Protein chains: 2
Amino acid sequence: MASLGGQTPENTKSGGLSRIQEKNRNLILDAALGEFSKYGYSGATVERIAAKAGMSKSNLLYYFSSKGAIYTAALAHILDVWLAPLKTLDPEGDPAQELSAYIRQKIEISAENPQASRLFANEVMQGAPQILPVLETDLRRLVSEKSKVIMSWITAGKIRQVDPVHLIFTIWATTQHYADFSIQIKALTGKDLSDEDFKLQTERAVIDLILTGIGLTVPDETAIAE
Amino acid sequence: MASLGGQTPENTKSGGLSRIQEKNRNLILDAALGEFSKYGYSGATVERIAAKAGMSKSNLLYYFSSKGAIYTAALAHILDVWLAPLKTLDPEGDPAQELSAYIRQKIEISAENPQASRLFANEVMQGAPQILPVLETDLRRLVSEKSKVIMSWITAGKIRQVDPVHLIFTIWATTQHYADFSIQIKALTGKDLSDEDFKLQTERAVIDLILTGIGLTVPDETAIAE
DNA sequence: GTGAGATTTGACCAAATGGTCAAGATGCAA
DNA sequence: TTGCATCTTGACCATTTGGTCAAATCTCAC
């Protein structure tokens, strides 16, 4: 379970957040995601985040003690969602089904929330100052575990012999690229993942290339659970 | 030819830069690349760039009229290098040789200059405020041209039927991922592209996966020109 | 050697920005 | 209704930072 030690606003005697707190924290985190992903940590301003969240800067600082705290919270907020799909890779399942479902999930998430993808990319590109510990523990464990799943498929002769880690990296790289570089994608093709047709076309192309690359035939489109 | 309209320091009556100007501009651009790629545009400070370049802030501002001008110049400085490899794809060549050479080149460049890769990624992720015009013209033309090359290989029955544009995107995504996310790579594998063995292993893995993915057999390692 | 132009710098300025604080507004349990 | 805790805000402050400027220093053709 990825955790980043978020600080609850220092009020409310007992555990739970009040109705107002719940609402405002979410407004702030949404706004923060937009700003941080668009301008980077330094480029984002507390003032703009507050405005986007529909409150004064002072009030925002009432809920989060500092800009850094907002950033950490926003990152923590998306981290689980971002890393979750990999957990579903099932060793018992059919490799073609499992991997195509995984790739499709990643692309779907990239399409739904490109901002989260960019925030994550930004954080990692700048040296992962906040989430390095999570990468080194939780994610590392997860990748190691899923590599074994892929290895088991190899030894069972179900897929070609490939390096599982590089396979995972390739899947991450490719799927996230369409979110992170969507401006470039759009400049070159006129479309991006927000276009439903383009998204499906992308899913097909990526799944086709990677599955073929590991020696599988692509499962029939209609046989795949949405 | 990608161009971003760089401004020559407003001195020197005739065209060429003086020896000192040449040297200092390069010092500045190198320092700027490091800072911008590490902290993003807003996070980088003119003061730190100047310090890294071994001169005072005032002096730096003597060579570049503003922070934005440094950024634009740094971007222009790397753009050609960054986009060049694709130009070498030769329609007459053997697809396996051409594509593996291209992939190898991209990884080589990513390894040599991960900062340039991150600067480029940063720029694009933030909406490509500076280089969008270049993407929409030069790069678009180039991709269109090279897509035709790949198409010709398909119609000649040399490779499987794949979408050329998505193939190019996949190659970009994968190769750049190793530079842009090197911290994550290192957190998960203990190594990154600066490790010679890991670099070769990565080249082999990526080339193997993609070439196989488009229906080619991977050319013998020793048969490839360095 | 000398002087004009190129180079370099410290002092300084204005704007932006993260954060504090005291006071006022609001919600809510009794 | 009342009183207290929660919530909200504008005024304010200190620091950072991009950029200016005049003066000092250096370079080099003559």
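Values as computed for the structure displayed
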| read-out | value |
| --- | --- |
| Estimated vicinal HN-Hα couplings, Hz - region B:17-27 in sequence order (Karplus 6.51, -1.76, 1.60; Gly, Pro = x) | 8, 6, 4, 5, 4, 3, 4, 5, 4, 5, 4 |
| Cβ-placed point charges (K, R +1; D, E -1), dipole of region B:18-74 about Cα centre in debye, nearest 20 | 60 debye |
| Shape of the protein assembly as shown, Cα gyration tensor, a/c cut at 1.5 | oblate |
| Signed unit charges on C-beta, dipole axis of region B:11-72, positive-most listed residue B:PHE64, B:GLY34, B:LEU17 | B:LEU17 |
| Inter-copy spacing of B:LYS52 label points, which lie 7 Å from Cα along Cα→Cβ, given in nm from shortest upward | 2.6 |
| Shortest-first nm distances, B:ILE20 label point to equivalent points in other copies (7 Å, Cα→Cβ) | 6.4 |
| Cβ-vector label at 7 Å, B:PRO219, separations to other copies in nm | 3.6 |
| Distance violations [Cα-Cα > 27 Å] among A:LYS57/A:LYS106; A:LYS87/B:LYS146; B:LYS38/B:LYS106 | A:LYS57/A:LYS106; A:LYS87/B:LYS146 |
| Global geometry of region A:128-219, whether rounded, prolate or oblate, following the gyration tensor of its Cα atoms and the 1.5 cut on a/c | oblate |
| Nonlocal amide H pairs with B:GLY215, under 5 Å, H built at 1.01 Å | B:ARG160 |
| Förster-model FRET efficiency, 41 Å R0, A:ASP94 and B:ASP195, C-beta, rounded to 0.05 | 0.70 |
| Using θ = phi - 60° and Karplus 6.51 cos²θ - 1.76 cosθ + 1.60, couplings along region B:82-89 (whole Hz; Gly, Pro as x) | 5, 9, 4, x, 4, 4, 7, 4 |
| Cα-centred dipole magnitude for chain B, charges only on beta-carbon of K, R (+1) and D, E (-1), debye, nearest 20 | 820 debye |
| Selection from A:GLN115, A:TYR102, A:GLY43, by position along the positive dipole direction of chain A (Cβ) | A:GLY43 |
| For B:MET55, residues with placed amide H under 5 Å, excluding near neighbours | none |
| Karplus-derived HN-Hα couplings along region A:158-169 (A = 6.51, B = -1.76, C = 1.60, θ = phi - 60°), whole Hz, x at Gly and Pro | 7, 9, 5, 7, 10, 7, x, 5, 5, 4, 4, 4 |
| Debye, to nearest 20: dipole size of the protein assembly as shown, +1 on Lys, Arg Cβ, -1 on Asp, Glu Cβ | 1580 debye |
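Since every read-out is calculated from the coordinates, none of them should be taken as a lab result. Since the structure is predicted, the reported quantities are computational estimates derived from the model, not experimental observations. Counting neighbours? That spans all protein chains shown, and the Cβs are built from the backbone with ideal geometry, glycine included.
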